[in-house]
Amino acid sequence: MTEHRKLKRWVDEMAGMCRPDDIIWVDGSAGQKESLKREAFETGEIIELNQEKLPGCVYHRTALNDVARTENLTFICTKKKIDAGPTNNWMLPKAAYAKAASIFKDSMVGRKMYVIPFSMGPVESPFSKIGVELTDSIYVVLNMSIMVKVGADVLKALGRDGEFTKCLHGQAEREIEKRLILHFPEDNAIWSVGSGYGGNVLLGKKCMGLRIASHIAKEEGWMAEHMLVLGIEKPDGIIDYIAAAFPSACGKTNLAMLVPPKGLETKGYKIWTVGDDIAWMRIDSDGALWAINPETGFFGVTPGTNSKTNPNAVKTIARNTIYTNVLLKPDKTVWWEDGDGDPPLSGIDWKGNAWQPGMRDKEGKIIKGAHPNARFTAPINQCPSISHRVEHHHGVPISAIIFGGRRAHLAPLVYEALNWQHGVYVGASMASERTAAQYGKLGEVRRDPMAMLPFCGYHMGNYFSHWLKMGKRMKKCPRVFHVNWFKQDKKGGFLWPGFGENFRVLEWIIDRCNDKVGAVETPIGYLPRAKDLNMTGLDLPKGALKELLKIDADEWLDDLKDQAEFFKKFGRKLPKELKNEHASLKKRLTKRSKKC
Ligand code: OXD
Ligand code: MN
């Protein structure tokens with residue numbers, strides 16, 4: 001066990017409140033993992049899948065009302081409301097602890113409490129942070145064992161008095177009315193109760209990896225971002241790394257594992273995956289920005305994953321994977337919408353009901369086999385494109401930062417910000433259409449600065465200032481870009497094929513970073529000339545590229561009104577630099593608009 005007195009005391013205190021029958025320390029060994037799996041098979045918490053076809057894979061169904069992150073039940077609890085800012089739900093720590101304690105109280109009677117020591121980032125790296133999660137769910141233990149490093153090595157690194165994030169999770173009754181996801185940045189603590197959904201309960205991920213880490217990062221002068229990280233190896237063998245922020249379920253995992261289209265692959269390009277969801281970035285001794293992926297697994301959206309959209313993911317999830325809320329086939333394999341292969345003739349859907357293709361509900365709507373936010377949890381080291389730098393304790397140098405959203409209109413395929421400050425403005429004013437990864441109206445456009453709206457653990461106005469400060473400290477800032485793979489034509493069809501073809505845009509981005517290609521300066525930033533994008537082997541319909549690279553000044557001016565409304569929320573905390581960027585953009589667009 002441990003000699004860490006504070007840790008022992010905290011575990012005792014939490015156990016005193018939750019009253020589990022037993023306390024089990026997770027040691028990270030294969031033997032313990034196996035026996036936990038067996039125990040969960042017996043209770044039905046997880047189901048063993050066909051071990052011949054899917055070795056090491058298991059299946060889990062969440063409660064019907066517990067299939068996505070619940071942002072309305074997620075709180076930042078600080079002594080002063082202003083510290084949580086206008087984009088977070090806020091509660092006073094004292095009130096939050098009391099409210100959650102009344103739900104946690106005695107909630108583990110008849111259950112066991114598992115103690116999971118975990119490291120985000122390589123164990124013992126100065127860039128890593130340690131957390132300890134207490135949970136009454138074996139599903140959580142198994143997921144955490146894939147997503148982060150867990151067990152005895154971490155306890156050893158923690159020593160007798162190391163700092164750690166106190167993470168308490170309990171399933172309680174899994175009722176929405178008794179669900180709370182609480183963050184206490186001032187206490188370095190997280191309490192999550194009443195949920196079994198990954199984003200709410202794998203506390204290393206969004207809760208510690210982003211909300212708590214973003215707060216710590218601001219204090220310590222680094223960045224915790226909702227970003228994938230990948231390396232692009234050019235034909236000359238040199239690898240450039242990029243970090244990219246997209247809101248949830250907008251294709252980060254697909255981009256992180258992209259396979260270049262045939263025509264470009266034969267040139268010798270390769271993609272190396274460093275991470276698909278979280279980047280912790282620091283300025284290193286060379287004055288550049290370096291990123292690590294603090295996770296060791298993928299918690300990806302399953303529907304839509306197939307050999308065409310993401311061949312590397314398909315290979316990654318063929319073994320040792322936890323499938324959640326997909327369709328269970330009679331031969332104990334799994335299926336999901338827009339996956340590989342035809343739908344099976346029958347199966348059990350994510351709700352646990354008998355299912356056949358084409359079934360409709362009372363309102364006549366097709367019943368899906370898998371929930372649109374069904375997930376896979378798989379080890380990163382099974383990914384065929386895994387970067388050899390993934391274990392490197394200080395990570396990879398970042399040449400470009402890409403922001404992206406899901407926008408049917410307005411944003412062109414790609415543009416480059418004029419400089420770091422303008423890039424921060426581009427990220428801060430980013431918007432996207434809502435997806436199934438969070439509750440709410442699908443398709444609604446919402447502002448999602450740096451894709452961090454649900455994950456920034458403090459006042460977002462201060463977060464923007466932190467980005468600006470980081471830029472001032474760097475000797476060489478990464479170049480900043482914005483992409484939109486989702487622009488539509490008048491009939492609602494996508495103008496750009498996406499997936500592997502996105503590589504064509506990455507090539508332009510990397511060439512820009514290496515000053516190898518030109519651009520046109522427009523009011524919103526630098527755009528590629530049509531001839532600068534390598535289109536070998538891709539036949540877009542006539543006029544599509546022109547439409548993809550079009551800037552409609554009047555449409556942008558309209559959007560600026562909405563941006564301004566959003567920025568008003570931050571009051572005096574909105575950095576003046578961003579106000580100036582907004583005003584300058586308006587001026588440039590107005591000039592263009594009058595010309596037309
Ligand atoms: C995720 C999310 O699960 O962003 O990564 O919701
Ligand atoms: Mn995410």
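The values are calculated or read from the model by the stated rules, or taken from the named source; none is laboratory data. Since we're looking at a predicted model, the values are computed, not measured. Every residue, glycine as well, gets a Cβ built from its backbone with ideal geometry; the counts of neighbours run over all protein chains shown.
From A249, A243, which residue is of a type in the set (G, A, S), within 16 Å of ligand 2 (Cβ to nearest atom), surrounded by 21 or more Cβ atoms within 10 Å (Cβ to Cβ) and part of a loop (DSSP other than H, G, I, E, B)?
Details: A243 fails: part of a loop (DSSP other than H, G, I, E, B).
Going through A249, A243 in turn, just one is of a type in the set (G, A, S), within 16 Å of ligand 2 (Cβ to nearest atom), surrounded by 21 or more Cβ atoms within 10 Å (Cβ to Cβ) and part of a loop (DSSP other than H, G, I, E, B): A249.
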Residue list for region 499-539, filter: of a type in the set (G, A, S) and either in contact with a Cys (Cβ under 6 Å, 6 or more places away or on another chain) or outside any helix (DSSP H, G or I) (or both): G518, A519, G525, G537
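What are the residues in region 353-403 that are among the charged types (D, E, K, R), part of a strand (DSSP E or B) and either in contact (Cβ under 8 Å) with a residue 24 or more places away in the chain or touching a helix residue (DSSP H, G or I) at 6+ places or on another chain (Cβ under 7 Å) (or both), if any? Outline the logic, then answer.
Residues of region 353-403 that are among the charged types (D, E, K, R), as a first pass: 360-363, 365, 368, 375, 389, 391.
From the residues that got through so far, the ones that are part of a strand (DSSP E or B) too are 360, 375.
Residue satisfying the conditions is R375 alone.
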Of the residues that make up region 336-345, is at least one of a type outside the set (F, W, Y), under 30 Å from L230 (Cα atoms) and buried (at least 23 other Cβ atoms within 10 Å of the Cβ)? no
For region 267-292, pairs from a residue that is within 22 Å of F403 (Cα to Cα) and in a loop (DSSP other than H, G, I, E, B) to a residue that is within 15 Å of ligand 2 (Cβ to nearest atom) and of a type in the set (F, W, Y), with Cβ under 8 Å and 6 or more apart or across chains, are D276/F298; D277/F298; D277/F299
With the requirement that a residue be within 26 Å of the chain's Cα centre (by Cα), more than 21 Å from M470 (Cβ to Cβ) and among the hydrophobic types (A, V, I, L, M, F, W, C), what does region 237-271 give you? I239, A249, C250, L255, A256, M257, L258, V259, I271
Just one of K234, K156 is over 18 Å from the mean Cα position of the chain (by Cα) and more than 30 Å from H4 (Cβ to Cβ); which is it? K234
Only listed residue being of a type in the set (S, T, N, Q), part of a helix (DSSP H, G or I) and at pLDDT 95 or above, chosen from S107, S102: S102
Flagged in region 531-586 as of a type in the set (S, T, N, Q), in contact with a helix residue (DSSP H, G or I) (Cβ under 7 Å, 6 or more places away or on another chain) and surrounded by fewer than 16 Cβ atoms within 10 Å (Cβ to Cβ), in numbering order, are T536
Taking G304 as meeting all but one of (1) within 16 Å of ligand 2 (Cβ to nearest atom); (2) at negative phi, write down the number of the exception. (2)
Single condition V201 does not satisfy, out of (1) within 14 Å of ligand 1 (Cβ to nearest atom); (2) touching an Asp or Glu at 6+ places or on another chain (Cβ under 7 Å): (2)
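Which residue out of L182, L168 is at pLDDT 95 or above, over 20 Å from the mean Cα position of the chain (by Cα) and of a type outside the set (S, T, Y)?
Sole residue among the options that is at pLDDT 95 or above, over 20 Å from the mean Cα position of the chain (by Cα) and of a type outside the set (S, T, Y): L168.
Regarding R407, is this residue at pLDDT below 95 and either hydroxyl-bearing (S, T, Y) or assigned to a strand (DSSP E or B) (or both)? Working first, answer last.
Working: at pLDDT below 95: yes; either hydroxyl-bearing (S, T, Y) or assigned to a strand (DSSP E or B) (or both): no.
Answer is no for this residue.
Given the options I292, I232, name the one that is at pLDDT 95 or above, closer than 30 Å to K472 by Cα and surrounded by fewer than 24 Cβ atoms within 10 Å (Cβ to Cβ).
Details: I292 fails: surrounded by fewer than 24 Cβ atoms within 10 Å (Cβ to Cβ).
Going through I292, I232 in turn, just one is at pLDDT 95 or above, closer than 30 Å to K472 by Cα and surrounded by fewer than 24 Cβ atoms within 10 Å (Cβ to Cβ): I232.
Answer with yes or no whether K218 is in contact with a helix residue (DSSP H, G or I) (Cβ under 7 Å, 6 or more places away or on another chain), more than 16 Å from ligand 2 (Cβ to nearest atom) and charged (D, E, K, R).
On the way: in contact with a helix residue (DSSP H, G or I) (Cβ under 7 Å, 6 or more places away or on another chain): yes; more than 16 Å from ligand 2 (Cβ to nearest atom): yes; charged (D, E, K, R): yes.
Here the answer is yes, as K218 does meet what is asked.
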Residue pairs qualifying under the 9 Å Cβ cut-off, at least six apart or on distinct chains, with the first in region 449-464 being on the phi < 0 side of the Ramachandran plot and the second being within 15 Å of ligand 2 (Cβ to nearest atom) and of a type in the set (K, R), are P454/R69; P454/K206; P454/R211; F455/K206; F455/R211; C456/R211; G457/R211; Y458/R211
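Could you please let me know if G221 is in contact (Cβ under 8 Å) with a residue 60 or more places away in the chain and within 15 Å of ligand 1 (Cβ to nearest atom)? Spell out the reasoning first.
On the way: in contact (Cβ under 8 Å) with a residue 60 or more places away in the chain: yes; within 15 Å of ligand 1 (Cβ to nearest atom): no.
For G221, the condition - in contact (Cβ under 8 Å) with a residue 60 or more places away in the chain and within 15 Å of ligand 1 (Cβ to nearest atom) - is not met.
I need a count of the residues in region 566-588 that are of a type in the set (K, R) and either outside the structural domain of W467 (by TED's automatic domain parsing) or closer than 17 Å to N462 by Cβ (or both).
Within region 566-588, the first condition is being of a type in the set (K, R), and the residues that meet it are 568-569, 572-573, 576, 579, 586-588.
Restricting the remaining residues to those that are either outside the structural domain of W467 (by TED's automatic domain parsing) or closer than 17 Å to N462 by Cβ (or both) gives 568-569, 572-573, 576, 579.
Within region 566-588, residues that are of a type in the set (K, R) and either outside the structural domain of W467 (by TED's automatic domain parsing) or closer than 17 Å to N462 by Cβ (or both) number 6.
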So which residues in region 467-498 are within 22 Å of A291 (Cα to Cα) and in a strand (DSSP E or B), if there are any at all? R479, V480, F481, H482, V483
